[in-house]
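Data block below; observations after.
The values are calculated or read from the model by the stated rules, or taken from the named source; none is laboratory data. What you see is a predicted model; the values in this text were computed from it and never measured. Neighbour counts are summed over all protein chains in view; Cβ atoms, including those assigned to glycine, are modelled from backbone coordinates with ideal geometry.
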């Protein structure tokens, strides 16, 4: 019985908190869960080493079930920021927008700040698209769609094919949004 009373009290407290504005306002589906769970994964090394790491994470990253994610490939020559969004007409495909820049440092900092400031409200994917459009507005280019099953290594290879076999030191950032 003690457990039942504790559960009842917790439900009442949460209900009261929600009614006075303390509970988190939830975004509309399909972002209701994803808005609370963006993830950032960053890997360093040469591409063969990074690809091994990406293969280990593919099952847990879950890019195939997310609507929007970003891939950022950086090395000494610059950065490529790529935005992937599930195609509404063909859910097996991802539309791709890419932007090449000297550094993605400011974009990543702005994205992190924006995610933090929003505190799970609204669509993280739309917010990232808006931010990317502002940062790289004149250089944002549509790319070939990514077709079929999505993997982190496959997404990197899709947007940076020359980097895939490169032995130079790189950073690959996967930002899983909604």
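Some observations on this one:
- The set of residues from region 62-99 being free of Cβ contacts under 8 Å to residues at least 40 places away in the same chain and surrounded by 17 or more Cβ atoms within 10 Å (Cβ to Cβ) comprises 79, 86.
- Cross-chain or 6+ apart pairs with Cβ under 9 Å, region 40-53 first and in contact (Cβ under 8 Å) with a residue 24 or more places away in the chain, then exposed (fewer than 15 other Cβ atoms within 10 Å of the Cβ) and part of a strand (DSSP E or B): 50/44
- Extreme residue, modelled with the highest pLDDT, among residues of region 150-167 that are over 14 Å from residue 54 (Cβ atoms) and in contact with a helix residue (DSSP H, G or I) (Cβ under 8 Å, 6 or more places away or on another chain): 167
- Check on residue 144, assigned to a strand (DSSP E or B) and without any contact (Cβ under 8 Å) to a residue 40 or more places away in the chain: no
- With respect to the conditions (1) at pLDDT below 80; (2) in a loop (DSSP other than H, G, I, E, B), residue 37 lacks only one, and its number is (1).
- Out of 130, 138, sole residue that is without any contact (Cβ under 8 Å) to a residue 24 or more places away in the chain, out of contact with any helix residue (DSSP H, G or I) (no Cβ under 7 Å at 6 or more places or on another chain) and surrounded by 11 or more Cβ atoms within 10 Å (Cβ to Cβ): 130
- Qualifying position, being in contact with a strand residue (DSSP E or B) (Cβ under 7 Å, 6 or more places away or on another chain), at negative phi and in a helix (DSSP H, G or I), among 150, 71, 156: 156
- Filtering region 100-117 to residues that are touching a residue at least 60 places away in the same chain (Cβ under 8 Å), surrounded by fewer than 18 Cβ atoms within 10 Å (Cβ to Cβ) and touching a helix residue (DSSP H, G or I) at 6+ places or on another chain (Cβ under 8 Å) leaves nothing.
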